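Read the structure below first, then the notes.
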Amino acid sequence: MTLNTLRAVLFLVFSVAFTNLGFASQDNEDQDKGFNATEMIMHHVKDAHEFHIVDWDNKPISIALPIILFTDNGLTTFMSSEFHHDDSGTHIVEKNGERFVKYHEKIYQLAPGVNSLTFDEELHPNNATTPLDFSITKNVFMMWVTVILLFIIFISAARKYSKSNNNIPRGVASYVEPLIVFIRDEVAIPMIGEKKYKKYMPFLLTVFFFIWINNIFGLIPILNGANVSGNIAFTLSLALFTFFIVMFSGNKNYWKHIFWMPGVPVPMKIFLMPIEIIGMFVKPFSLTIRLFANITAGHIIILSLMSLIFTFQSVAIAPVSVGFSLFILIIEIVVVAIQAYIFTVLSALYIGMATAEDDHH
């Protein structure tokens, strides 16, 4: 059984086990009666407007982040601490003549004369609007941290080379060079070709290190689940970069294979054309879902295993729960690198397919 298969099985088991528990406690009375594993897990894997570190003496300790909203009255900014860690939509923040509440990590603007949220049958607020939210969430903050870290690493590595007379890597360069050479020799050249790979190396290296470092940050407990790669908007953005590079890099041979497949009868050409067009959009979709699902599944499995202690309300289950959690965490350390590698390989493969020369005779 492969690592991904094991993780998928565990993800399915715990999803089924905790779905009923979560939906069974939708109202406030049921939530007060027991531990809601689904609510806790979803709270940790989704993005947030603050870093919640720990609860101390029933008081949350958090790192506030900037709230940046654009409404009809213009730009409104304040710190997330103004909400007093409230996520239930009950605490109102008045700024710039407008009133805002935060409900399930989404900020709503209350209508004039409205003092609380009301909900429709699907539990969506129906008496408030959603302003344009450009806030610095914890995922955005960690992406900036990753960018700064990558700048520091590669600038330091470049300086080491500039100071070396024989181009022998030293310091941080000795750690970075094997990875760069690996991406070049095992990914870029085989997938794209020795003649054209250099043009795409900056993108492939950026994607690989950017995803990998963000995945590593997602495993650090003190960051409280800065689950960047587990955000589908993040994976979709990276997949769109690959998609547009493929579209603009595609040569005549590539487009001929999509719209008028050479070497097959005309009826088959007509049949294959819509399939190939759909395949153009399936490729970025698969990149998006693969990275998002694998990273999110790992976080959910670990949190589900830890939730067993509180679900069964027994310390006896703790050794089993913690032991399996550590086992999955060790797998995750490998998976975060594998997923960055797979995304890079598939991106290089799609680019190589788009730039391949015509070999038909």
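The values are calculated or read from the model by the stated rules, or taken from the named source; none is laboratory data. Quick caveat, the model's predicted, so the values are computed rather than measured. Reconstructed Cβ throughout: ideal geometry from the backbone, glycine too, with neighbour counts over all protein chains shown.
Key figures
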quantity	calculated
Checking Val176 against (1) exposed (fewer than 11 other Cβ atoms within 10 Å of the Cβ); (2) assigned by TED's automatic domain parsing to the domain that holds Leu346, the condition it does not meet	(1)
Pairs with Cβ under 9 Å, 6+ apart, first in the stretch 273-287 and on the phi < 0 side of the Ramachandran plot, second modelled with pLDDT under 90 and not in a helix (DSSP H, G or I)	Met273/Trp260; Met273/Met261; Glu276/Met261
Which numbered condition Lys160 misses (of (1) in contact with a Pro (Cβ under 8 Å, 6 or more places away or on another chain); (2) surrounded by 13 or more Cβ atoms within 10 Å (Cβ to Cβ); (3) not assigned by TED's automatic domain parsing to the domain that holds Pro202)	(3)
Failed item, numbered, when Phe18 is tested on (1) modelled with pLDDT of 65 or more; (2) buried (at least 17 other Cβ atoms within 10 Å of the Cβ)	(1)
Residue list for the stretch 167-215, filter: within 18 Å of Val246 (Cβ to Cβ) and of a type in the set (Phe, Trp, Tyr)	Tyr197, Tyr200, Phe203, Phe208
Subset tally (residues that are under 9 Å from the mean Cα position of the chain (by Cα) and over 28 Å from Ile330 (Cβ atoms)) for the stretch 200-235	1
Filter result (loosely packed, with under 15 Cβ neighbours inside 10 Å and either of a type in the set (A, V, I, L, M, F, W, C) or at pLDDT below 85 (or both)) within the stretch 69-85	Phe70, Asp72, Asn73, Leu75, Met79, His84
From the options Glu29, Glu39, residue that is at pLDDT 50 or above and outside any strand (DSSP E or B)	Glu39
Residue that is surrounded by the fewest Cβ atoms within 10 Å (Cβ to Cβ), among those in the stretch 329-348 that are within 15 Å of Leu240 (Cα to Cα) and of a type in the set (A, V, I, L, M, F, W, C)	Leu346
Matching option when the condition is closer than 22 Å to Ser237 by Cβ and buried (at least 19 other Cβ atoms within 10 Å of the Cβ), among Leu291, Leu308	Leu291
Failed condition for Asn58, given (1) more than 26 Å from Phe217 (Cα to Cα); (2) surrounded by 15 or more Cβ atoms within 10 Å (Cβ to Cβ)	(2)
